Amino acid sequence: MATELPFEKPLVELRVKIDELKRFTEEKGIDMSEEVATLEAKAKTLAESIYRDLKPWQKVQIARHPERPTALDYIRAMCGDFIELHGDRNFRDDPAMVGGVGLFRGRPVTLIGTQKGKDTKDNIHRNFGMAHPEGYRKALRLMKQAEKFQRPVFTFIDTAGAYPGAGAEERGQGEAIARNLIEMAGLRVPVVCVVTGEGGSGGALGLGVADEILMFEHAYYSVISPESAAALLWKDATQGQRAADTMCITAQDLKAFGIVDQIVPEPFGGVQRDRAEAVSALSDAFAQALDRLDALGMDALLERRYDKYRKIGNYREMTEELPKHSVAMQES
Amino acid sequence: MLKDLFPKKRKFATISPNQGAKDRVPEGLMNKCKRCGEILLSRELEKNVKTCPHCGYHFSMTAPERIDATLDEGSFVEFDAHLLTGDPLSFPDYPEKVQKAREMSGLDEAIVSGYGTIAGFPLYIAVMDFRFIMGSMGSVVGERLARTVERATDDGVPVVIFTVSGGARMQEGIFSLMQMAKVSAALRRHADAGRLYIAVCTNPTTGGVTASFAMQGDLNLAEPGAMIGFAGRRIIESTIRQQLPEEFQTAEFLLEHGMLDEVVHRKDMKPYLATVLAMHSKRGEPNGHRTAF
């Protein structure tokens, strides 16, 4: 395991000890198999106790794991053929947003996602998966193309958020996301989105207006990052854990709220532990969602999409409408 | 007489080290312009729809004030006042915060919505209010907006939204974020029905509101000097590690960068909207009757 998370430390230490004992056995020829077996059993119990009941903050850390597959990893693994398409036709090609056409189980689909890097150099190139307005406009161009050729759209969300930079503001980060929301609401093809890692606020939602929202078991989706929430609430960005516990940002929370349609199960310990298993689970989830959506006519599909978002909200409605107080509003 | 007043006041202000003179100005009678520092009589300020007659600075406006200044007198009918704030995440201290905002603002949420006329032209209108938890968008704001837009679509009339917002209502978490999609979906239908939507950004309009309905108008307008942006100034400065120019994210900056159709002075807003409404109605007349404005 190349990258360990803080809460995994006891397990990592135990595994190191097991490896040492195994090496010792080989080198010195002294039989330690009994001790190894005991420790392995202990490691298994420990792993279960760690991963069975992950806390929100631990999920956030798993969701950000540097070895978690990226959008292109999933797209290439899910599609037999994939052609990446570039550029927004206006300003430039944003490497933090990728997209193209692929054959998914023999069927052409448009696939779009925020793209994180694999290492520091790649991450700088990919701007750590934080897209600029031209990224959202590239995504929209590909969605409109999908609409033209009547192929479904799959979007992959894994971003801390839309990039908060000077150039991004100048070129209308807000407008670019706003445009995607209003266009995706009326896109005349099935749209399925998956939150694979981080679902960071408006930057995530800019790809997230869909007929069905899938979410990996340990992904998170939030209106604000736990650290920023902590900075605002308690003037202390180090209290991310407390904010994560408070804000109901896990896949399980969002499923309970009726916002996420399906949780995609992760291999034990997270998708980074077994990519093939993760890809297979995600492929199945996409295929099942598509089956449900294919059964609907276009009008029914758009009606369903409208209702999905229309009903999201938590408020109290007083049974008796108050007298319409137009007079009261005329205060001087 | 007014002219005589200002030099006197200035003298008091400079002589007194503890600004005692200023404190003795009866509450609500005088206002100091936040930009040019001129002392303005409240009456004078009201006459100028809360803009400074010297430098043009736009003071913040409450939703009721905005409705008064924008719609024909007595035409406003409020809708959806019976929707009240929930607490979906059982967020610590949220109900208390809402209660405080209610008492402080006299409103029950960060938006007032309803129906009215401008120069006789019918429209649905929604106006945000910054005093209520920084005009943040929670479920009630989203629901009132969605219902307002839906009514406008059903009745075949335009909708105008005045924005002022710190962005999403953090205490409502993902519900707050999803209101952006909900309102956008309603505006999509309004657009598909061939109906007009005008967004007017006032100071400040940020975050999730900028990234949704504030930027989805057939016309995107703003008041002079309004700060409009997706990310906050401090966040950008800490990201790029340099200071941003003064005019960054102002309405004029956005106009220059192609994000707005026009920057309209508050005194001109009502006739401007009336002209736009006329241009989008049959024969340029409200209900077949020509009305002067």
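Here, each number is a calculation from the coordinates, and none is a lab measurement. Just so it is clear, the structure is predicted and the values come from calculations on it, not from any experiment. Neighbour counts are summed over all protein chains in view; Cβ atoms, including those assigned to glycine, are modelled from backbone coordinates with ideal geometry.
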* Say R0 is 45 Å: what FRET efficiency, to the nearest 0.05, do A:PHE91 and B:ASP268 get from their beta-carbon distance? -> 0.85
* Förster radius 56 Å - calculated FRET efficiency between B:GLU38 and A:LYS9, Cβ distance, rounded to 0.05 -> 0.35
* Charge context of B:LEU219, other residues only, Cβ under 12 angstrom, K/R +1, D/E -1 -> -3
* Structure fact -> Percent of all alpha-carbon pairs of the protein assembly as shown at distances over 42 Å, whole number, is 30 percent
* Which value at 222 nm does chain A reach when only helices count, each DSSP H run of 4 or more adding -39,500 (n - 2.57), with the total divided by all residues and rounded to the nearest 500 deg cm²/dmol? -> -14000 deg cm²/dmol
* Structure fact -> Per-residue average of other protein chain Cβ atoms inside 10 Å, peptide A:128-135 -> 0
* In chain A, what % of DSSP beta bridges are antiparallel (nearest 5)? -> 40 percent
* Structure fact -> In whole Hz, the Karplus estimates of ³J(HN,Hα) for segment B:245-251 (6.51, -1.76, 1.60; θ = phi - 60°; x where Gly or Pro) are x, 3, 7, 4, 6, 7, 4
* To do: Please report the relative contact order for chain B, taking Cα pairs under 8 Å with a sequence separation of at least 6, and give it as a percent rounded to a whole number.
  => 13 percent
* Shielding score for A:198-207, defined as the mean number of other chain Cβ atoms within 10 Å -> 4
* For A:ASP88, net neighbour charge (Lys/Arg +1, Asp/Glu -1) across residues whose Cβ lies under 11 Å away -> +3
* Asked: Rounded to the nearest 0.05, what FRET efficiency is calculated for A:ARG23 and A:ALA276 with R0 set to 22 Å and r the Cβ-Cβ distance?
  -> 0.15
* To do: Please give the net charge around A:GLN115, taking every other residue with its beta carbon less than 11 angstrom from that of A:GLN115, where Lys and Arg add +1 and Asp and Glu add -1.
  => -2
* Asked: From the cross-link list B:LYS32/B:LYS267; A:LYS148/A:LYS308; A:LYS59/A:LYS116; A:LYS17/A:LYS118; A:LYS59/A:LYS235, which pairs have alpha carbons spaced over 21 Å apart?
  -> A:LYS148/A:LYS308; A:LYS17/A:LYS118; A:LYS59/A:LYS235
* Can you tell which of B:SER165, B:SER105, B:SER238 shows the greatest fluctuation in a Gaussian network model of chain B with Cα springs below 10 Å? -> B:SER238
* To do: Report the residue, chosen from A:LYS255, A:LYS235, A:LYS28, that carries the largest GNM mean-square fluctuation when chain A is represented by alpha-carbon nodes joined by springs under 10 Å.
  => A:LYS28
* What spacing in nm lies between the two simple spin-label points modelled at A:PHE268 and A:ASP245, each 7 Å away from Cα in the Cβ direction? -> 2.8 nm
* Structure fact -> The cysteines in chain B that find no other cysteine Cβ closer than 4.7 Å to their own Cβ are B:CYS201
